[in-house]
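For reference, the structure is listed below as C-alpha cells.
The values are calculated or read from the model by the stated rules, or taken from the named source; none is laboratory data. On a predicted model such as this, the values are computed, not experimentally measured, just so you know. Ideal geometry is used to build each Cβ from the backbone, glycine not excepted, and the neighbour counts take in all protein chains shown. Just the protein is used for accessible areas: all its heavy atoms, side chains included, with ligands, DNA and RNA removed. Shrake-Rupley method; radii C 1.70, N 1.55, O 1.52, S 1.80 Å.
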Amino acid sequence: FSGTTGATFDLTGVQVEVGPVASAFELRPIQQELSLCQRYFIRYAPGASGVVVASGFASATTQIWSTFRWPQFMRALPTATFTGWEFTDGVSTVTATGLNNSYAGYISGSWWSTTTGATLGRAYLLQSTSATSEITFNAEL
C-alpha cells in the first residue's frame, strides 16, 4: 500500500471482541441497527430550507411550544441542540433562538423556543432556515 495514492481499502464482516473466546458472528439488518442507534441519538437535518419538522403554538409573544415524537423509545431523557430554525404561521416568520426542555419523555417531548414577535395563541410550524439547519436529541448517559 505504500506506493498507492487515492485508493480505498474496504473491510466488512468483521467482529472485534475483548477476551479469549469469540461469540457467534451477528449480522443484523440495517433497520434494526438504525433503531438501536436511535435510542441514543436522533438528528433532524433536512438539508434544505423550508422543511417542517414540528408544529406548535405561541404561549406568549416570546415563547412558542413544540412537540417532537422520536422514531424510537430513547434509552434516557434526551438533551437537545438547535441551530437554524424559524416558526411560520403561513404569513410571517419568527426566529427561534433556542430550544428548551419543558418535558422530555422516552417517546416524545415538549420543548419551548425563545422568540420575538410571536402572536399569542397562534399556531406555528417549525421549519428549517437553510441547508445546515439541525436539531439533535441526545440520550447518551
* Asked: Looking at GLY13, GLY3, which one is on the phi > 0 side of the Ramachandran plot, over 17 Å from the mean Cα position of the chain (by Cα) and modelled with pLDDT under 90?
  -> GLY13
* Structure fact -> Of (1) part of a helix (DSSP H, G or I); (2) surrounded by 10 or more Cβ atoms within 10 Å (Cβ to Cβ); (3) of a type outside the set (Gly, Ala, Ser), GLN15 fails just (1)
* Based on what the data block shows, is ALA58 outside any strand (DSSP E or B), open to solvent by less than 60 Å² (accessible area, probe 1.4 Å) and under 29 Å from THR97 (Cβ atoms)? -> no
* To do: Of the numbered conditions (1) closer than 22 Å to GLY50 by Cα; (2) in contact with a helix residue (DSSP H, G or I) (Cβ under 8 Å, 6 or more places away or on another chain), GLN72 fails exactly one; give the number of that condition.
  => (1)
* To do: List the number of the failed condition for ASP89; all other conditions in (1) over 29 Å from TYR106 (Cβ atoms); (2) surrounded by fewer than 13 Cβ atoms within 10 Å (Cβ to Cβ); (3) of a type outside the set (S, T, N, Q) hold.
  => (2)
* Quick check: is even one residue across the range 21-44 part of a loop (DSSP other than H, G, I, E, B), surrounded by 14 or more Cβ atoms within 10 Å (Cβ to Cβ) and in contact (Cβ under 8 Å) with a residue 24 or more places away in the chain? -> yes
* Structure fact -> Scanning the range 68-85 residue by residue, the ones that are among the β-branched types (Val, Ile, Thr) and surrounded by 14 or more Cβ atoms within 10 Å (Cβ to Cβ) total 1
* Residues of the range 96-107 being surrounded by 15 or more Cβ atoms within 10 Å (Cβ to Cβ) and either charged (D, E, K, R) or part of a strand (DSSP E or B) (or both), which ones? -> ALA104
* To do: Could you tell me whether any residue of the range 77-93 is free of Cβ contacts under 8 Å to residues at least 40 places away in the same chain, out of contact with any helix residue (DSSP H, G or I) (no Cβ under 8 Å at 6 or more places or on another chain), assigned to a strand (DSSP E or B) and not small (Gly, Ala, Ser)?
  => yes
* Structure fact -> Note on the range 108-128: residues open to solvent by 60 Å² or more (accessible area, probe 1.4 Å) and under 16 Å from the mean Cα position of the chain (by Cα) are TRP112
* Looking at the range 45-55, which of the residues that are surrounded by fewer than 16 Cβ atoms within 10 Å (Cβ to Cβ) and of a type outside the set (A, V, I, L, M) is nearest to THR79 (Cα to Cα)? -> SER55
* Within the range 108-141, can you find the residues that are β-branched (Val, Ile, Thr) and in a strand (DSSP E or B)? -> THR114, ILE135, THR136
